[in-house]
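The values are calculated or read from the model by the stated rules, or taken from the named source; none is laboratory data. This one's a predicted model, so the numbers in the text were calculated from it and none came from an experiment. All Cβ positions, glycine included, derive from the backbone under ideal geometry; neighbour counts span all protein chains shown. Heads up: the accessible areas ignore ligands, DNA and RNA and are worked out on the full protein's heavy atoms, side chains in. Shrake-Rupley method; radii C 1.70, N 1.55, O 1.52, S 1.80 Å.
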Amino acid sequence: AQASGSFELRRGPIAEQPPSLVMAVASSSPSVDPAAKKCSQTPASKGAVAMLQEFVQCSRQFTAPQHRPILQWTYNQRMANPTCLEFRGIVAFLLDGLPHHAAGGWFPSKKLAQRDVAERALTFFVGRWGEQLLEQESGKFNALQVTMGISDTEALAEFCSSYPGCAGAPLKWSYEVRDEKFMAEVELSLLDVPHKFAGAAMPSREAAYSDVARRVLWYFQCPGYQHIFAPDPRAPSVAGKEIPAPPANWACSSDEIAELRQAERKTVLMRVQNRLQQEFAKSLRPGQGVWEWSYEMDDQDTVWPPRFRATVSVAALGKTFVGKWSRGQREAQIEASILVSDFLDGDRDTLEPASSCSDSAADTMDSSDPCARWADMEV
């Protein structure tokens, strides 16, 4: 039976920097693909990104759509200090027909962040996970069994408590509700690397937990679960133009989420301007700006900096956006830029710009405020 819904494996940052590569290959089932093993024997002169791409190309089961990149990159960014950004690379790829997402560490440039996550992914898949699979094939580990008649979640807990790669680390369960359906996620440690597995939408929390547990047990080829799923060649992650993105901030701690939101807010003006320039470059006259700004100041306000409200006109869109009252001209400009960003992300035929969530004083922006808008908030 083919796996219904989404089945994604997401890996967090790998703690160790990669040493020399071990010539073994990681696979999602206890077998090593000879073609992938041959690809792992790559000259050391090649860069980590090129080596990771060759590894993924050799181990893929299905042909990817034409012109779709083998490795798909995104980046988180945070404020290292009040004036400098740091970046974390996230790479998505298909391995044995399943979407995987791997995240690296924080670096001062996207290039360094990209190389870091590629090196970490190679270290894990070609090195540590490959060694684990070869030890299993050599018979060093006894075949793992789970008790008959217990629930799927109990079976997963029992399996992970005895599986050498998990080292008995506890499972961490979470779920969210969308459109009255439950979607669960479990986090576990595999070879000291945090992993998150997601399941399909289910009518209850218990069913969602059971669904994820069955998928993880299948992924590890636990006896009794080896054949309950199979990679679906028609799934969006396989047949689509892009691998669907994982949930926002899946690789972040709560402290990092606050930092990411701060970075998103501080850089929204630059990002929206660049987006407008790229999208409407052909329709702009030489020397014409992508937008025009004007400001209102609250003459009754006696606090410094005074309250401003920014208005931005985007001729290419034929729209004018009025932001909310904010403390300082820069903050007012950010508020109006967020409205432009929301409009670009929405349905342009029906979405009309709003003046603000509220015209009351806004001295601070609290992430718990329903009027606050973050680029990574899910709707």
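Could you list all residues from segment 301-335 that are β-branched (Val, Ile, Thr) and closer than 26 Å to SER283 by Cα?
Keep residues of segment 301-335 that are β-branched (Val, Ile, Thr), which gives 302-303, 311-312, 314, 320, 322, 334.
Those that are β-branched (Val, Ile, Thr) and closer than 26 Å to SER283 by Cα: THR311, VAL312, VAL314, THR320, VAL322, ILE334.
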>> Give me the residue from segment 295-312 that is among the charged types (D, E, K, R), open to solvent by 40 Å² or more (accessible area, probe 1.4 Å) and part of a strand (DSSP E or B) and, out of that set, farthest from ARG261 (Cα to Cα).
In response: GLU296
> Name the residues in segment 96-134 that are under 18 Å from SER189 (Cβ atoms) and free of Cβ contacts under 8 Å to residues at least 12 places away in the same chain, would you?
Replying inline: none
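Please find, within segment 289-308, the residue that is nearest to ARG330 (Cα to Cα) out of those that are under 36 Å from the mean Cα position of the chain (by Cα) and without any contact (Cβ under 8 Å) to a residue 40 or more places away in the chain.
In the first step, residues of segment 289-308 are kept if they are under 36 Å from the mean Cα position of the chain (by Cα); the result is 289-293, 308.
Filter once more, so that each one left must be without any contact (Cβ under 8 Å) to a residue 40 or more places away in the chain: 289-290, 292, 308.
Values: GLY289: 19, VAL290: 18, GLU292: 15, PHE308: 9 Å.
Result: PHE308.
For ALA315, state whether it is among the small types (Gly, Ala, Ser), in contact (Cβ under 8 Å) with a residue 40 or more places away in the chain and buried (at least 16 other Cβ atoms within 10 Å of the Cβ).
Values: among the small types (Gly, Ala, Ser): yes; in contact (Cβ under 8 Å) with a residue 40 or more places away in the chain: no; buried (at least 16 other Cβ atoms within 10 Å of the Cβ): yes.
For ALA315, the condition - among the small types (Gly, Ala, Ser), in contact (Cβ under 8 Å) with a residue 40 or more places away in the chain and buried (at least 16 other Cβ atoms within 10 Å of the Cβ) - is not met.
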> Among the residues of segment 331-341, is there at least one that is modelled with pLDDT of 80 or more, touching a strand residue (DSSP E or B) at 6+ places or on another chain (Cβ under 7 Å) and closer than 30 Å to ASP179 by Cβ?
Replying inline: yes
>> Please go through (1) in a strand (DSSP E or B); (2) open to solvent by 50 Å² or more (accessible area, probe 1.4 Å) for GLN145 and return the number of the only condition it doesn't satisfy.
In response: (1)
>> Where the second residue is at pLDDT 75 or above and of a type in the set (Gly, Ala, Ser) and the first is over 27 Å from CYS84 (Cα atoms) and lies in segment 235-260, which pairs have Cβ atoms under 7 Å and are six or more apart or on separate chains?
In response: VAL238/GLY97; ILE243/ALA92; ILE243/SER237; PRO244/SER237
> Do any strands (runs of 3 or more DSSP E) entirely within segment 159-249 hold 3 or more residues that are open to solvent by 20 Å² or more (accessible area, probe 1.4 Å), and if so, which?
Replying inline: 172-178, 181-190
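For segment 274-289, check the following and say yes or no: at least one residue is modelled with pLDDT of 90 or more and either more than 24 Å from CYS84 (Cα to Cα) or not aromatic (Phe, Trp, Tyr) (or both). If you could, list the steps in order and put the result at the bottom.
First, the residues of segment 274-289 that are modelled with pLDDT of 90 or more: 276.
Now drop any that are not either more than 24 Å from CYS84 (Cα to Cα) or not aromatic (Phe, Trp, Tyr) (or both), which leaves 276.
Looking for residues that are modelled with pLDDT of 90 or more and either more than 24 Å from CYS84 (Cα to Cα) or not aromatic (Phe, Trp, Tyr) (or both), one finds at least one in segment 274-289, hence yes.
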> Which residues, taken from segment 146-156, are of a type outside the set (D, E, K, R), farther than 20 Å from GLN132 by Cβ and at pLDDT 90 or above?
Replying inline: ILE150, SER151, THR153, ALA155
